[in-house]
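One structure below.
Read-outs: derived from the displayed coordinates by stated rules, not from any lab. Just so it is clear, the structure is predicted and the values come from calculations on it, not from any experiment. Reconstructed Cβ throughout: ideal geometry from the backbone, glycine too, with neighbour counts over all protein chains shown.
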């Protein structure tokens with residue numbers, strides 16, 4: 001039955017190999033169950049509900065792509081996208097988390113429509129590779145900055161804007177130990193390096209009294225799933241339709257598009273999903289599942305769900321079909337019953353995970369052609385303005401506009417297609433609205 005459903009023999013695999021691959025993928029990405037609620041809870045959302053929603057969103061998206069596209073990919077609320085949600089939208093723009101969920105829902109809807117009508121390929125082709133790579137590197141730098149700030153290592157300074165903290169406390173020390181552990185395990189190619197680091201730092205926190213575990217007992221570690229009622233179906237779609245949030249909607253869509261396409265391309269070669277014509281098999285189904293998972297996640301109460309690069313860990317272990325994804329999804333569901341244990345994980349244990357994920361994302365900078373100024377400057381502005389303005393959409397907007405201006409100035413204006421002009425116009429509108437330029441023009 002499983003062979004017929006997932007085409008195991010045709011793909012050159014078996015049930016045991018797919019199960020092992022699914023377990024490995026789960027171990028490498030299960031840190032999201034801890035990190036995502038920690039980030040989104042800073043918006044005022046209920047943390048226990050977020051743990052449940054994060055797990056459900058990951059399970060739904062992963063099982064969906066497993067059955068719908070029959071590929072060994074996993075999905076969950078995306079790192080970088082959750083930072084956009086919290087630090088750019090809610091804290092940066094000052095919108096409510098309900099409205100921010102509305103933005104996520106609309107971005108997912110746009111993504112789905114573009115995929116269904118076949119416009120996705122045109123958008124990807126219109127945006128130069130340097131900007132796509134720059135966006136990934138910029139988000140990595142942004143996440144790393146947030147990680148150092150959450151750890152307490154980098155603090156506010158009225159003279160220099162930011163500086164190193166004047167004195168280390170126990171939490172910073174344990175956080176740095178966690179970063180070293182994660183880095184060493186990653187170098188040693190240990191599966192689940194981030195999760196192991198989080199667990200070890202949490203245990204050290206309990207042993208040193210920096211983590212309160214008094215409410216936990218052997219019996220209380222396993223419990224019924226937490227209620228997700230405080231955040232489920234609380235999205236404000238009408239509020240997200242405000243003109244000032246148009247740029248944010250498209251920024252979420254673009255970042256999700258870059259993440260998904262980049263991950264799918266990177267993993268499809270290893271998974272044997274490239275056809276004789278060089279095209280990726282069932283890529284539309286993969287992207288449709290990604291968009292549907294985002295819509296479902298917004299309804300449940302979490303930021304954008306996207307395809308995870310950690311899927312490559314399971315593929316390396318031999319995963320070739322959607323059975324591996326189904327196994328990963330079922331393991332996420334099992335995690336619903338240990339949420340009391342997950343809830344005690346402290347911020348200083350998850351901050352190193354943000355830093356390490358930032359390193360992984362920043363590595364894409366090496367593929368940017370810095371010898372071509374028309375590529376270098378837009379990419380550089382995209383990368384540097386994300387952390388400096390505390391806004392991913394601002395970095396993207398300046399990058400898009402710089403690309404158009406420099407390409408035209410270089411006498412290559414014909415290479416700027418209609419789609420890119422539209423993106424540039426949306427970027428300019430976003431900046432003018434958020435800086436109050438329209439109000440100044442009106443005066």
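Of the listed values [x] 142; [y] 127; [z] 164, grab the one calculated as volume of the Cα convex hull per residue in Å³ from the structure here. Matching entry in [x] 142; [y] 127; [z] 164: [z]. One chain, two ends: residue 333 and residue 9. Fully extended at 0.36 nm per residue, the span grows by 113.9 nm beyond their Cα-Cα distance. Summary of packing: across the peptides 308-319, 151-162, the per-residue average of other C-beta atoms within 10 Å ranks them, highest first, as 308-319, 151-162. The simple Förster model, with R0 at 35 Å and r as the Cβ-Cβ distance, assigns residue 223 and residue 16 a FRET efficiency of 0.65. The modelled label-to-label distance between residue 367 and residue 155, using points 7 Å beyond Cα along the C-beta direction, is 4.0 nm. Length gained on full extension, residue 188 to residue 237: 13.1 nm, using 0.36 nm per residue less the C-alpha separation.
Note on residue 414 and residue 165: their simple-model spin labels are 5.8 nm apart, each label 7 Å out from Cα toward Cβ. Is the shape of region 279-343 rounded, prolate or oblate, going by the alpha carbon gyration tensor and its root eigenvalues a ≥ b ≥ c, with a/c under 1.5 for rounded and a/b larger than b/c for prolate? Verdict is oblate for region 279-343. Each peptide in 93-106, 45-58, 8-21 gets a packing score, the mean of other Cβ atoms within 10 Å over its residues, and the list from highest to lowest is 45-58, 93-106, 8-21.
Using the Cβ-Cβ distance between residue 405 and residue 347 with R0 set to 41 Å, the FRET efficiency works out to roughly 0.50. Put the Cα centre of region 238-265 next to the Cα centre of region 407-428 and the gap is 19 Å. Dividing the summed helix terms, -39500 (n - 2.57) for each DSSP H run of n ≥ 4, by the number of residues in the chain produces a 222 nm estimate of -20500 deg cm²/dmol to the nearest 500.
Each of residue 244 and residue 269 was given a label point 7 Å from its Cα along the Cα-to-Cβ line. The distance between the two points is 4.5 nm.
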